[in-house]
1. Out of 66, 175, 47, whose Cα points farthest toward the positive end of the dipole of region 45-182 (charges: +1 Lys, Arg; -1 Asp, Glu; placed on Cβ)?
2. Straight distance only, please: which lysines reach the Cα of residue 90 with their own Cα at less than 20 Å, same-chain residues fewer than 8 apart left out?
3. Residues of region 95-206: accessible area per residue at 1.4 Å, in Å²?
4. Would you please give the FRET efficiency between residue 71 and residue 151, computed as 1/(1 + (r/R0)^6) with r the Cβ-Cβ distance and R0 = 25 Å, to the nearest 0.05?
5. Taking the Cα centre of region 107-222 as the origin, how large is its charge dipole in debye, to the nearest 20, when only Lys and Arg (+1) and Asp and Glu (-1) carry charge on their Cβ atoms?
6. For region 64-153, which chymotrypsin sites (Phe, Trp or Tyr not before Pro) are in a loop by DSSP, counting at most 15 other Cβ atoms within 10 Å?
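The values are calculated or read from the model by the stated rules, or taken from the named source; none is laboratory data. Please read these numbers as outputs of a predicted model, since none were measured by experiment. Neighbour counts are summed over all protein chains in view; Cβ atoms, including those assigned to glycine, are modelled from backbone coordinates with ideal geometry. For accessibility, only protein heavy atoms count, side chains too; no ligands or nucleic acids. Shrake-Rupley method; radii C 1.70, N 1.55, O 1.52, S 1.80 Å.
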Amino acid sequence: MGLSSVRYQWSLFALLWLQIATTTSAADVLAVSVQNLRESLEGPFGVNRHHVTNPEGKTAARRHITETFRRHGLDVTLQDFTGPKGNPGKNGTNIIGVKRGKLYGSSDDKIVAVGAHYDTVSTSPGVDDDGSGMAAMLEMVRVMTSCSQQNYTTIFVAFDHEEAGGIPPADVITNPCNTEMGSDDFVCSWLLPFIESSGQPEFQGIFMLETIMNYDPRPNVQ
């Protein structure tokens, strides 16, 4: 990961932090660790994580994500889902960590989400796609939870089955709640009920961290 890419990506994270943090000074917030990013990419996110070709690698990554979320004080949910028509080969588990803000439970809350996927295609270790996004998100968790003063709620989610493949774009558009991708199930089965039961807060959107090692500085590219 080049230094220009690191600076660019973490400027994005700085904007997110400024959006949700309150009066905590920058001096009180932990610095981003390039070493942590490197260890993630050379460790749990440096091996294949496909449910058929390396289920052990995928299980190890899921355990690492869950333990990291819990270690940093997030409220963790393992969201198990099934594929269309109950196909057991398409079952998956999203890992959701919530850092509740002071305004949680009220309509004044302004929820922001951050997401990346931890599964891979069958033939790749998935360091860039999407180990890079996962490494960045876990480092964001570490940095942002060092700030205790936070008005707004943040949701971190590690998606499963994003590399499902073979899903017609028309199906995603016309029937998004019945695909085999974890991100769709997260929105339909978890996020919408969460918002409904949390005082009808404003959901500001989600930062999707996808293949962020593949950095291109040209305008309008990414």
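1. Of 66, 175, 47, it is 66.
2. Result set, ordered by chain and number: 58.
3. On a per-residue basis, 37 Å².
4. 0.60
5. I would put it at about 400 debye.
6. Taking region 64-153 and a limit of 15 other Cβ atoms within 10 Å, no loop chymotrypsin sites (Phe, Trp or Tyr not before Pro) are found.
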